[in-house]
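The values are calculated or read from the model by the stated rules, or taken from the named source; none is laboratory data. Model, not experiment: these values are computed from the prediction. Here the Cβ is made from the backbone with ideal geometry for all residues, glycine too, and neighbour counts use every protein chain on show. Accessible surface is based on the protein model in full, side chains and every heavy atom, while ligands, DNA and RNA are left aside. Shrake-Rupley method; radii C 1.70, N 1.55, O 1.52, S 1.80 Å.
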Amino acid sequence: MATLTAPQLETDRPTPTPIEKVSIIISKGSFESVYPGLIMANGARMEGIEANVFFTFFGMDAINTKRNASMKVATVGNPGLHLPTWLGALPGVSALVTRMFNREMEKLDIPPIPEFLELLSDSGARLFACKATVDMFHLTKKDFIPQLEDIITVGQFYEMAAGGEIIFT
Amino acid sequence: MTDLLTLDLDRDAEGFLQQPEQWNREIGIAIARECGIAEMTARHWQVCEFMRNTYLANGAAPSIRTLGKESGVTVKELYQLFPKGPAKLAAKIGGIPKPHGCI
């Protein structure tokens, strides 16, 4: 009978080239969907890696000044939370869970979303909004944080991302 | 000029000192030069010393957010002083182990 052997690891592989640029797309509009992208972008800058963040669809709430201070954790349709759906749907539950997350984040010195965006911009990360979404939601540059550099098309995004890694969240 | 190779320093693979007590300013200047910072200005020192003192006091290096708020140097200036990553470089030059936080 044929026996299966474990694949050999290539030990003489050349050292991989370090990442020099990342372009992160934030496409979802809940608290827990926005933070990972922001943390990844900040982490990139902290390593001296160039970072672009592109906000699209509901992810754009993160840069909308009327909405970004009050983003909530999705307590319905979020199996990772291990909350029964009926409980997650009760009034106030989403706000309560969000408050708990905020408290834990503060302990780790992770800033609230508006402050986080300032930190990112001061760190040299570039922030962009998606033109198609801006048009669809009838928004203008005035609806967004002052740190937003520009509203750009998908084509412009790819141009900007050239030569780097793209991360979709 | 301090030659790091002639000293018996306990450094990790990336060059972070593992024993902060082995550090002095001359070593800091030599590490800075290794990292491409030719001249350590008073502003550079302010950040490195804040980093080092916070580590020595708390056992953990401050986050970039705390650096920007409490070191007396803004986040913008931090990145001008240390373009390749302020927290990491200031820790290395300040003679403390590599910071482990994600922020």
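Looking at this structure, is residue B:25 free of Cβ contacts under 8 Å to residues at least 24 places away in the same chain and either surrounded by fewer than 18 Cβ atoms within 10 Å (Cβ to Cβ) or within 23 Å of residue A:147 (Cβ to Cβ) (or both)? Here the answer is yes, as residue B:25 does meet what is asked. Comparison of B:41, B:6, B:54 shows that the only residue that is modelled with pLDDT of 90 or more, open to solvent by 40 Å² or more (accessible area, probe 1.4 Å) and hydroxyl-bearing (Ser, Thr, Tyr) is B:41. For residue A:111, the conditions (1) farther than 30 Å from residue B:82 by Cβ; (2) touching a Lys or Arg at 6+ places or on another chain (Cβ under 6 Å); (3) outside any helix (DSSP H, G or I) are fulfilled apart from (1).
Taken over the range B:57-92, the criterion of being more than 17 Å from residue B:28 (Cα to Cα), open to solvent by 20 Å² or more (accessible area, probe 1.4 Å), facing chain A (nearest Cβ under 10 Å) and of a type in the set (D, E, K, R) is satisfied by B:69, B:76, B:77. For the range A:149-168, filtered to residues that are in a loop (DSSP other than H, G, I, E, B) and touching a Lys or Arg at 6+ places or on another chain (Cβ under 7 Å), the residue that is nearest to residue A:116 (Cα to Cα) is A:149. Among (1) over 19 Å from residue A:63 (Cα atoms); (2) buried (at least 16 other Cβ atoms within 10 Å of the Cβ); (3) of a type outside the set (A, V, I, L, M), there is one condition residue A:159 misses while meeting the rest; what is its number? All conditions pass for residue A:159, except number (2).
Does residue A:83 qualify as being touching a helix residue (DSSP H, G or I) at 6+ places or on another chain (Cβ under 7 Å) and either more than 29 Å from residue A:151 (Cβ to Cβ) or open to solvent by 70 Å² or more (accessible area, probe 1.4 Å) (or both)? For residue A:83, the condition - touching a helix residue (DSSP H, G or I) at 6+ places or on another chain (Cβ under 7 Å) and either more than 29 Å from residue A:151 (Cβ to Cβ) or open to solvent by 70 Å² or more (accessible area, probe 1.4 Å) (or both) - is not met. Of the residues in the range A:31-39, at least one is open to solvent by 30 Å² or more (accessible area, probe 1.4 Å), modelled with pLDDT of 95 or more and within 14 Å of chain B (Cβ to nearest Cβ). Scanning the range A:98-124 for residues that are facing chain B (nearest Cβ under 10 Å) and crowded, with 19+ Cβ neighbours inside 10 Å yields A:110, A:111, A:116, A:119, A:120, A:121, A:123. Determine whether residue B:95 is open to solvent by less than 20 Å² (accessible area, probe 1.4 Å), within 11 Å of chain A (Cβ to nearest Cβ) and of a type in the set (Gly, Ala, Ser). Considered against the rule, which asks whether it is open to solvent by less than 20 Å² (accessible area, probe 1.4 Å), within 11 Å of chain A (Cβ to nearest Cβ) and of a type in the set (Gly, Ala, Ser), residue B:95 comes out as no.
In a residue-by-residue description of the range A:61-68, the property of being open to solvent by 60 Å² or more (accessible area, probe 1.4 Å) and free of Cβ contacts under 8 Å to residues at least 60 places away in the same chain applies to at least one position.
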